[in-house]
Amino acid sequence: MITIKLSRKLFLALAASVGLLVTGVVVAAWSTSGSGNGYAKAASASSLGIGNASASTSADLYPGGASAVKVSVTNPNSFPVRITSVAKHAVSSITSDKGPACNAATGVTFTDQTGLTLDLAAGATSTFTLSGAVSMSNASDDSCQGAVFTIPVDVTAISNA
Amino acid sequence: MRRFLLVAVVAVGFPAGAAATWSLTGSGAAAAKAKTLGPGNVPSAAVSGRRVTVGWTASSYTNGGTVAGYVIRRYNAVTGAGQGAANGCSGTVIALDCTESNVPSGNWQYTVTPAAGNWRGAEGAKSAVAVVP
């Protein structure tokens with residue numbers, strides 16, 4: 001058994017510290033549990049909705065070039081959010097509306113976007129433009145001309161109240 | 001000493017979790033759209049001995065931007081049979097003119113097709129007949 005000798009002052013200081021620490025944890029838990037105020041709903045925050053943005057695209061992509069990507073995001077929550085990153089989904093592939101030949105060789109590469117500050121109000125839907133986020137190599141199949149590409153992404157945001 | 005302890009207590013007593021910021025995610029599809037190559041333009045064809053210099057104006061993509069590359073074809077003006085131009089005009093030409101050398105004697109017409117990587121635009125109309133002696 002180990003005995004640690006503490007001065008009276010140090011003992012009181014440590015005791016007060018532990019007490020405040022517990023209080024802080026309680027406050028934090030209360031904030032996320034949603035008991036009684038605006039933070040209540042944040043505890044059950046809903047996922048962002050990602051809609052179809054194909055209609056808002058403009059034909060800008062060509063072999064050897066880069067262009068913007070459009071992403072439509074809906075915030076179903078009662079608090080505003082800030083989108084901080086849009087990353088290519090790790091598993092799914094980029095496809096097109098031109099069929100198998102183009103899908104087999106789109107030549108399209110999405111560059112993950114980080115450090116974003118795209119703000120979205122509570123309950124709002126907005127289509128964001130990610131400039132230069134996608135590029136096309138010379139490997140793109142001839143059938144990809146005029147194609148609309150579907151780029152699977154994961155969008156990350158933080159509450160921005 | 002007392003002041004130091006007070007600062008330490010305050011620092012420990014307010015964990016980061018108390019200032020809650022929640023992280024949210026969503027998964028779905030973003031979108032981008034590709035251009036389309038426009039058609040080739042009618043080239044000129046100037047004969048000098050067995051050399052034919054072919055010139056043309058730049059083609060454009062839909063939604064703007066000029067095309068950098070072109071594929072040149074040569075057609076027999078009598079039979080209509082076509083083949084890829086060679087000897088100076090073969091492959092994808094990254095220019096607005098080229099000179100094909102050692103062209104066989106005969107009556108020839110040239111065409112221009114815009115090219116970008118594997119993409120090809122519509123082949124343009126044939127040039128005037130170039131008579132190679």
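The values are calculated or read from the model by the stated rules, or taken from the named source; none is laboratory data. Predicted, not measured: the structure shown is a model, and the values here were computed from it. Please note: Cβ atoms are built from the backbone with ideal geometry, for glycine as well, and neighbour counts cover all protein chains shown.
Summed over the range A:56-95, residues that are touching a helix residue (DSSP H, G or I) at 6+ places or on another chain (Cβ under 7 Å), more than 7 Å from every other protein chain (Cβ to nearest Cβ) and not in a loop (DSSP other than H, G, I, E, B) total 1. Beta carbons closer than 7 Å, at least 6 apart along the sequence or on distinct chains, pair a first residue in the range B:35-52 that is outside any strand (DSSP E or B) with a second that is acidic (Asp, Glu) for B:Lys35/A:Asp60; B:Gly40/B:Glu123. Taken over the range A:121-136, the criterion of being touching a strand residue (DSSP E or B) at 6+ places or on another chain (Cβ under 7 Å), free of Cβ contacts under 8 Å to residues at least 60 places away in the same chain and among the hydrophobic types (A, V, I, L, M, F, W, C) is satisfied by A:Phe128 alone. If you go through the range A:129-161 and pick out every residue that is closer than 23 Å to A:Cys102 by Cβ and either more than 7 Å from chain B (Cβ to nearest Cβ) or not charged (D, E, K, R) (or both), you end up with 21. Do we have A:Ser92 as at pLDDT below 95 and under 19 Å from A:Ile50 (Cβ atoms) here? Against the criterion (at pLDDT below 95 and under 19 Å from A:Ile50 (Cβ atoms)), A:Ser92 qualifies.
Scanning the range A:73-88 for residues being closer than 11 Å to B:Gly26 by Cα and either buried (at least 20 other Cβ atoms within 10 Å of the Cβ) or at pLDDT below 95 (or both) gives a total of 4. Taking the criterion of being of a type in the set (D, E, K, R) and under 18 Å from the mean Cα position of the chain (by Cα), the only residue of the range B:59-97 that qualifies is B:Asp97. Given the criteria farther than 23 Å from A:Leu61 by Cβ and touching a Pro at 6+ places or on another chain (Cβ under 8 Å), does B:Val132 qualify? Yes, satisfied. All conditions but one from (1) farther than 20 Å from B:Ala30 by Cβ; (2) touching a Pro at 6+ places or on another chain (Cβ under 9 Å) apply to A:Ser47; the one that does not is (1). Residues in the range B:52-101 that are among the β-branched types (Val, Ile, Thr), within 18 Å of B:Pro133 (Cα to Cα) and in contact with a strand residue (DSSP E or B) (Cβ under 8 Å, 6 or more places away or on another chain): B:Val52, B:Thr53, B:Val54, B:Val78, B:Thr99. Here A:Lys98 fits the description: over 24 Å from A:Ala161 (Cα atoms) and part of a loop (DSSP other than H, G, I, E, B). Would you confirm whether any residue within the range B:50-62 is at pLDDT below 95 and over 30 Å from A:Thr84 (Cα atoms)? Yes: one or more hits.
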